[in-house]
Amino acid sequence: MIYRCLLTSLLAASSLLGLEPVLIQQNDAEELLLSWSGGEPPYVVQQSQDLTAWTDLGETTDQSFTILDRSAVQAFFRVQGASEPILGEPYGQWRIAQGEFGEALAKHRLKSIWEFFLPEDASVPTASAFFTTAMLRIQYLDGAVVKTFVGRLEDLPQAVISTGEKKISVTWTWGEDVWKRDLSLEMTFRYGIDAIRFNPVNLSDPTIRLRADYQTPKPNRDGSGKVTSITSEEATLVEVDESGNAPGWWQRKIQFTHAGVTIDSQFQIGVPLIEGGPAFIFKTPLLVSWAGTTVSGLTNAPIELKSRFAQTYYPFHHNFVETLWLEPRLEPGIDPAILEELEEKNIRFIVPQNPSAFPNQEPTLGVMGFDDVFRDF
């Protein structure tokens, strides 16, 4: 059911789970304010071109509004509230560790945000009890679409949970066609999972590994710069502190111009939490948050990226060299004209590399096409 059309190029689709109609208004800054009422937070705003396939528009929010760029034209929007039962009290989140070790494209494809909630009156004195009782909201990348799962570990598609003295593992399946994959999550603790010492606040107690096995091979660019095909990959999930108490050098900037293309990216790095506190010794700081990235000169209009899913950080050896993997089609509300230009130029990824610790070396810029060929720009 279509409720209303407040701007000629924007329609608000029906809302879900008791939410009132979505309203769209334009402000003086040429931005669009999308607001709603009712339902239960957290909310997920979704966008569609055809009222059939829906994509998450950014991350979940507890607010009853969001700001859209004016370039977000010809789209339908809807808002989904929390699934029943209500998720419960939040206890933090895991995310993919974007640091030195591992493969850049694994960190990108496996990128996900795992948020944990505890139902009211739940008793979780042990790690085993918590991770089988907690409700999860997982935002994850499925090809070129960001999707959301809500439920317990046992509710994951085709889930199988197994336990050991100090381990909890779960396997499941996500995706269809070329993106169908079998996934496994393994949590390894320093203590027994049935020992009465687990504090649900300490989601960083275990070491967490996420692995995907693909039915269709995926491209991988190794340390030598060669692009190969792989059928499996893995990455680490961590909990990070976003309190903002970071030293100045953790506020990072990558700013340079190469072959007429200007890169301007700002973000914060930091250390993960380990057993509830910041890591005391950690070799390479990880990405904590993005301020955003602008790419100018590659398309007629600048490419503005804010989403965690459209930007991936990949540092090398104490962050001496910093590489970004940017996939504009994952940015919510991006101008379709920009995506058309990039497709015509066969550019899926934009890959700036900044040798931040080597001022005598010039930054470089590469691109990877939809044909999985990497080339210097």
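Take GLY248 and tell me if it is over 18 Å from the mean Cα position of the chain (by Cα), farther than 27 Å from LEU339 by Cα, loosely packed, with under 14 Cβ neighbours inside 10 Å and modelled with pLDDT under 95.
For GLY248, the condition - over 18 Å from the mean Cα position of the chain (by Cα), farther than 27 Å from LEU339 by Cα, loosely packed, with under 14 Cβ neighbours inside 10 Å and modelled with pLDDT under 95 - is met.
Tell me yes or no: at least one residue of region 275-285 is under 15 Å from GLU322 (Cα atoms) and assigned to a strand (DSSP E or B). Spell out how you get there, then give the answer.
Step one: filter region 275-285 for residues under 15 Å from GLU322 (Cα atoms), giving 283-285.
Next, only the ones that are assigned to a strand (DSSP E or B) stay: none.
No.
Contact list please: Cβ distance under 8 Å, first residue in region 94-115 and under 20 Å from HIS318 (Cα atoms), second residue modelled with pLDDT under 95 and among the acidic types (Asp, Glu), pairs at least six apart or on different chains.
Partner pairs satisfying both residue conditions: GLU103/ASP222.
I need the full set of residues from region 104-131 which are at pLDDT 90 or above and of a type outside the set (A, V, I, L, M, F, W, C), in order please.
Residues satisfying the conditions are LYS107, HIS108, ARG109, LYS111, SER112, GLU115, THR126, SER128.
Against the condition closer than 23 Å to GLY99 by Cβ, more than 17 Å from the chain's Cα centre (by Cα) and surrounded by 22 or more Cβ atoms within 10 Å (Cβ to Cβ), how does PRO352 come out, does it pass?
Yes, satisfied.
The values are calculated or read from the model by the stated rules, or taken from the named source; none is laboratory data. Computed from a predicted structure; not experimentally measured. All Cβ positions, even for glycine, are placed from backbone atoms using ideal geometry, and neighbour counts span all protein chains on display.
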